[in-house]
Structures are given as C-alpha cells and as structure tokens.
1. Karplus couplings for the range 100-105 from phi (6.51 cos²θ - 1.76 cosθ + 1.60, θ = phi - 60°), rounded to Hz, Gly and Pro as x?
2. For K43, which aspartates and glutamates qualify as cross-link partners when the Cα separation must be under 20 Å and same-chain residues fewer than eight apart are set aside?
3. Ordered by residue, what ³J(HN,Hα) values in Hz, to whole numbers, does the range 126-132 give under the Karplus form 6.51 cos²θ - 1.76 cosθ + 1.60, where θ = phi - 60° and Gly and Pro are x?
4. In units of 2.2 N^0.38 Å, what is the alpha-carbon radius of gyration of the range 2-184?
5. Step through the residues of the range 28-40 one at a time and calculate ³J(HN,Hα) from phi using the Karplus curve (6.51 cos²θ - 1.76 cosθ + 1.60, θ = phi - 60°), rounding each to whole Hz and writing x for Gly and Pro.
6. For the modelled label position 7 Å from the Cα of N143 along Cα-to-Cβ, which residues of the range 156-170 have backbone nitrogen atoms closer than 14 Å?
7. Go through K2/K60; K65/K180; K149/K183; K60/K183; K65/K170; K2/K39 and tell me which ones have a Cα-Cα distance over 29 Å in this structure.
8. Given the -39500 (n - 2.57) contribution per DSSP H run of 4+ residues, what per-residue ellipticity at 222 nm results for the chain, rounded to the nearest 500 deg cm²/dmol?
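Bear in mind these aren't lab numbers, they're just calculated from the coordinates by the rules spelled out. This structure is a prediction, so every number in the text was calculated from the model and none was measured. Because the Cβ atoms are built from the backbone with ideal geometry, glycine has one as well, and the counts that use them run over all protein chains shown.
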Amino acid sequence: MKHIIVGTDRAGSNSRKVAELVYGMYQEQGEDIEILDLKDIAKGFAEGPQYGNVTHPILKAAADKIEKSDGLIVVVPEYNGSMPGALKYFIDHLKYPDAFEHRPVAFIGLGGMFGGLRPVEHLQQVFGYRNSFIYPDRIFIMNVWNHYKKSDANPEGTLKDAMILDLLKKQTAGFSAFIKGLKHAGLHPTR
Ligand SMILES: Cc1cc2nc3c(=O)[nH]c(=O)nc-3n(C[C@H](O)[C@H](O)[C@H](O)COP(=O)(O)O)c2cc1C
C-alpha cells in the first residue's frame, strides 16, 4: 500500500484536491493507495508532544501506516517559503529510523510562482537526512489557485491543465516502477 500525505492541516486545502486527483491516477493504474490527511492526523497533536513515542490513536494509526508503507507521495504547499509547520511537526513525531529509512518518497509541490519548489527542496533535505529513497522526478504546480477556480457549475474547481496532468500520470507510473525496482533489488524496507 502506498500513501499520499496531504502536507497541511488547512481545511479545504488545494493540497487535498491534488491528493485526490493523484489518488485516482494510482487507482487507475491498479495500485493500492490511501490518503493520509494532516487535517485529520493533526487531531492527534492535541495531547502534546509525543516525539518518537506516539500514543494518540489517530497519530499512532498514521505512524503505523507510514512504517509499513510501500512508498509515500507527499503533496506539499508552500507556506512562508517552506513546508507547513504541521507537516514538519508530524515528521518529527515519527519513529527514527524506522519511519523513513530506505522508504521511497515522491514529491508534488504547489504554491505561487515557484510552484512549491522551496518546500519540496527543504523536504528533500529532511528525507535525505533520514536515508529515504527520493524519486527524482518532482512536480511543481505554479499559481495553484488558478487551477482550482470555483464556479457555480464546479464549486470545488478542477485541475485541467494537460501538461500538469501528464506530469502527474508520468510520476505515478514512474514512482510505482521505482518501488518495484527497489523491492526487486532487495533494497526496500518491507523486503
Ligand atoms: C499560511 C500561508 C502561507 C503561504 N505562503 C506562501 C509562500 O511563501 N509562497 C507561495 O508561493 N505561496 C504561499 N502561500 C500560498 C499557498 O501556497 C497556496 O495558497 C496553496 O494553495 C496553499 O496550499 P493549501 O491550499 O493546500 O493550503 C501561502 C498560503 C498560506 C495559507
């Protein structure tokens, strides 16, 4: 099972919409896929810091899934030139080294004119530090709000840009193949 992490706890986030789009693409390709939304997981922060010893059931359920995950797809928006604090706080709760050691990870950034380049590159440092296998083809969705313009007919908006849809599909197929290759080579943490 692969997991898409919605990298913000903001209600009604564009990150959630992108995650749902990508979820459909993995499903179409016959892959097992689940969305982990920080909006839900963040309820587990209520008990206060549980660094490395997660006890809140919501947070624990997410942490357990990540420790068994075939691969993580992180959809991250840019907040103040980096990733949302909620995402870094979540990462800091997860068990070292089990959560990310040799775990495959792919990134989709979204934001303004740089399309989430900064949070993705900051996350590459974090996941690189944690010895993850980083899938090299990253995707950046610039001026994301233009893609999710609301109308009466379509209150949520729909991402229709052909180039972005094509890049997302290519990443979906490529990341699945990347994970299979790592498993075949005996390099995957679930081997
Ligand atoms: C708190 C906050 C800070 C933001 N800071 C930036 C920023 O530094 N650079 C940028 O390009 N966009 C920034 N934005 C715009 C977001 O990247 C954009 O609105 C995106 O849709 C937010 O993701 P979300 O809808 O998943 O929350 C910011 C938005 C929020 C809510």
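1. Once θ is set to phi - 60°, the couplings for the range 100-105 become 10, 4, 6, 7, x, 9 Hz.
2. Within reach: D9, E34, D64, E67, D92.
3. 5, 6, x, 4, 8, 6, 6
4. Compared with the compact-globule rule of thumb, the range 2-184 sits at 0.98.
5. 4, 8, x, 8, 6, 8, 9, 9, 10, 9, 4, 4, 7
6. Hits in the range 156-170 for N143 at 14 Å: 161.
7. Working: K2/K60 17 Å; K65/K180 19 Å; K149/K183 40 Å; K60/K183 26 Å; K65/K170 25 Å; K2/K39 19 Å.
Exceeds cut-off: K149/K183.
8. The per-residue figure over the chain is -13000 deg cm²/dmol.
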